[in-house]
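Encoded as structure tokens, the structure appears first; notes follow it.
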Amino acid sequence: MQKGMHTHRERCVRAVQSKDARFDGWFFTAVLTTGIYCRPSCPVVPPKPENMTFYPSAAACQQAGFRACKRCRPDTSPGSPEWNQRADAVARAMRLIADGVVDREGVPGLAARLGYSTRQIERQLRAELGAGPLALARAQRAQTARLLIETTDLPMAEIAFAAGFSSIRTFNDTVREVFALSPSGLRTRVPVRARTTGGGTLTGTPGTPGASPGTLCLRLPFRAPLNPDNLFGHLAATAVPGVEEWRDGAYRRTLRLPYGHGIAALTPKPDHIACRLTLGDLRDLPVAISRCRRMLDLDADPVAIDDQLRTDPFLAPLVDKAPGRRVPRTVDEGEFALRAVLGQQVSTAAARTHAGRLAAAHGEPVDDPEGGLSHLFPAPEALAALDPESLAMPRTRRTTLLTLARQLGDETLHLGVESDWEETRARLLALPGFGPWTADVIAMRALGDPDAFLPTDLGIRRAAQELGLPSTPAALTARAAAWRPWRAYAVQYLWATDSHPINFLPV
């Protein structure tokens, strides 16, 4: 699988004929005779090859006049792995669009964040994806609208504004065009019971469009296999009290979102992640979903990653034993960077204690109907204003933490989905108290660099020694060149050789 796979016609045809779910999200199949588009794994009888044409995105299919298949629901397939494994302008733009930037700031805002002109961004996206930023954002709004229509009993007007549409008319026209059904027609296709039990539930008092608090239950798809042990084990073992917790088989945490705050509860299932979102403002739904997917690395292509790592005879047994490991990431890049500093040269338990104290004292209070969660992690500007003497940590680490908080607070340093990995790593290394380990763990878990590597990490060096790999940082880095571009995933397999709680799904 590779960049521009939709241009490889023979491979696409084979994937469709074999109904290979691994290719869902990599490309979409438009059927000339029916006018619909599908994911490769669509359960219907495959069309004749001469009737297939292939597109790189759902938005491109919609722009070409094709409607979404009602059977395979291609608009809800996992996202393309390309946007999480690349750092070029197109990939960074796609991450920003998924994070709702176009809806909130328009195309000029998207271009400004990337340092390009609107014309350059339009040209690059159209050249690779067959659609511009407005069309890509529109496709995302349509998907959000469908989710709310089919899983809630909200009035259509509230759904329209919650999904990001500027008017009811635009909402109605888009739903009809994309799904070949009116919004009410989409809802009547789903039994009432599915909207109140199995499919999802939404509770809350209706009010201003887009501002009704409520709880929504949905399923987050992923590419199999997925090994939840290190993914949820890491998140639970490092959970900050009051901000995160593991309860009743679910990882729960508070979310700082563009229009308010929320709480996410994520439960691993064999074929999906069960996601329960409690939001203060439903306009935050697309962003909350995007950030949860990113935190759990659900758009990764585990088969391609594991196949590459299996070529190393030292890693192959680890991959074969428990394939499908993901890189546990974050919902807030700045928060993770601050927590990485708190974790410098201390145990996991000590880092949790430091972070929990800061959250309790300086985080914004949150009302959790289920109890257990009490605060958002403190915003950088709140930490930047602290008296250094009030921090119970070594003086050098205080300086590191407060310098980082100040730069994040005044946006001298910006960490986000659009960050250039190498440039940001260099800027982090220029900060006082930042060494390669801190910069690379932020690159791996906050910025999402799939090739970030931690050769100085004690757990990695110990695992390397046990496996017979070189254990000195320079020699191990040279040896790890064969694992590129997936060294961050190799880190997960190496960490898994230890008995540390991060490697085990909590009970």
message: I want to confirm something. Restricting to the range 458-501 and keeping residues that are of a type in the set (D, E, K, R) and under 19 Å from Arg325 (Cα atoms), which single residue is nearest to the chain's Cα centre (by Cα)?
response: Arg487
task: Considering (1) more than 22 Å from Val327 (Cβ to Cβ); (2) surrounded by fewer than 23 Cβ atoms within 10 Å (Cβ to Cβ), say which one Ala87 fails and leave the rest.
output: (1)
- request: Starting from residues that are assigned to a helix (DSSP H, G or I), among the β-branched types (Val, Ile, Thr) and modelled with pLDDT under 95, keep the ones in the range 341-380 and report whichever is surrounded by the fewest Cβ atoms within 10 Å (Cβ to Cβ).
  value: Thr348
task: Please determine, by comparing only the residues of the range 344-357 that are touching a residue at least 60 places away in the same chain (Cβ under 8 Å) and not β-branched (Val, Ile, Thr), which one is nearest to Thr400 (Cα to Cα).
output: Gln344
Failed criterion for Ala360 (all others in (1) in contact (Cβ under 8 Å) with a residue 12 or more places away in the chain; (2) within 26 Å of the chain's Cα centre (by Cα); (3) more than 14 Å from Leu402 (Cβ to Cβ) hold): (2)
message: Can you pull out every residue in the range 256-278 that is in contact with a Lys or Arg (Cβ under 8 Å, 6 or more places away or on another chain), within 18 Å of Gly100 (Cβ to Cβ) and not hydrophobic (A, V, I, L, M, F, W, C)?
response: Pro258, Tyr259
- line: Heads up, the strands (runs of 3 or more DSSP E) in the range 1-101 (entirely inside) with at least 2 residues that are out of contact with any Phe, Trp or Tyr (no Cβ under 7 Å at 6 or more places or on another chain) are 52-55
- line: Scanning the range 430-479 for residues that are under 18 Å from Val346 (Cβ atoms) and among the aromatic types (Phe, Trp, Tyr) gives Phe434, Trp437
Qualifying residues in the range 458-487 (those that are among the small types (Gly, Ala, Ser) and in contact (Cβ under 8 Å) with a residue 12 or more places away in the chain) - the one farthest from Gly448 (Cα to Cα): Gly468
- prompt: Counting residues that are of a type in the set (D, E, K, R), which strands (runs of 3 or more DSSP E) fully inside the range 222-308 reach at least 3?
  reply: 244-247, 250-257
message: Would you confirm whether or not the range 324-331 contains a residue that is of a type outside the set (A, V, I, L, M), over 25 Å from Thr456 (Cβ atoms) and within 23 Å of the chain's Cα centre (by Cα)?
response: yes
message: For the range 27-86, which positions are more than 16 Å from Leu129 (Cα to Cα) and of a type in the set (A, V, I, L, M)?
response: Val31, Leu32, Ile36, Val44, Val45, Met52, Ala68
query: Mind checking which residues of the range 488-507 are within 18 Å of Pro317 (Cβ to Cβ) and in contact (Cβ under 8 Å) with a residue 12 or more places away in the chain?
result: Tyr489, Ala490, Val491, Gln492, Tyr493, Leu494, Trp495, Ala496, Thr497, Asp498, Asn503
- prompt: Looking at (1) in contact with a helix residue (DSSP H, G or I) (Cβ under 6 Å, 6 or more places away or on another chain); (2) modelled with pLDDT under 95; (3) among the hydrophobic types (A, V, I, L, M, F, W, C), which is the one condition that is false for Phe453?
  reply: (2)
message: Would you confirm, using the coordinates I've provided, whether Val319 is modelled with pLDDT under 95 and out of contact with any strand residue (DSSP E or B) (no Cβ under 7 Å at 6 or more places or on another chain)?
response: no
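This table checks each residue for (1) of a type outside the set (A, V, I, L, M, F, W, C); (2) buried (at least 20 other Cβ atoms within 10 Å of the Cβ).
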position	(1), (2)
Arg256	yes, no
Ile263	no, yes
Thr267	yes, no
Pro270	yes, no
Cys275	no, yes
Leu279	no, yes
Leu282	no, yes
Asp297	yes, yes
- request: Go over the candidates Glu128, Glu82, Glu177, Glu158 one by one and state the one that is touching a residue at least 40 places away in the same chain (Cβ under 8 Å) and touching a strand residue (DSSP E or B) at 6+ places or on another chain (Cβ under 8 Å).
  value: Glu177
field: the range 383-398 - residue that is surrounded by fewer than 17 Cβ atoms within 10 Å (Cβ to Cβ) and in a helix (DSSP H, G or I) and, of those, farthest from the chain's Cα centre (by Cα)
entry: Glu389
- line: Only one of Leu296, Leu285, Leu338 is over 13 Å from the mean Cα position of the chain (by Cα) and either at pLDDT 95 or above or over 21 Å from Phe222 (Cβ atoms) (or both), namely Leu338
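The values are calculated or read from the model by the stated rules, or taken from the named source; none is laboratory data. As the structure is a computational prediction, the values presented were derived from the model and not from experiment. Because the Cβ atoms are built from the backbone with ideal geometry, glycine has one as well, and the counts that use them run over all protein chains shown.
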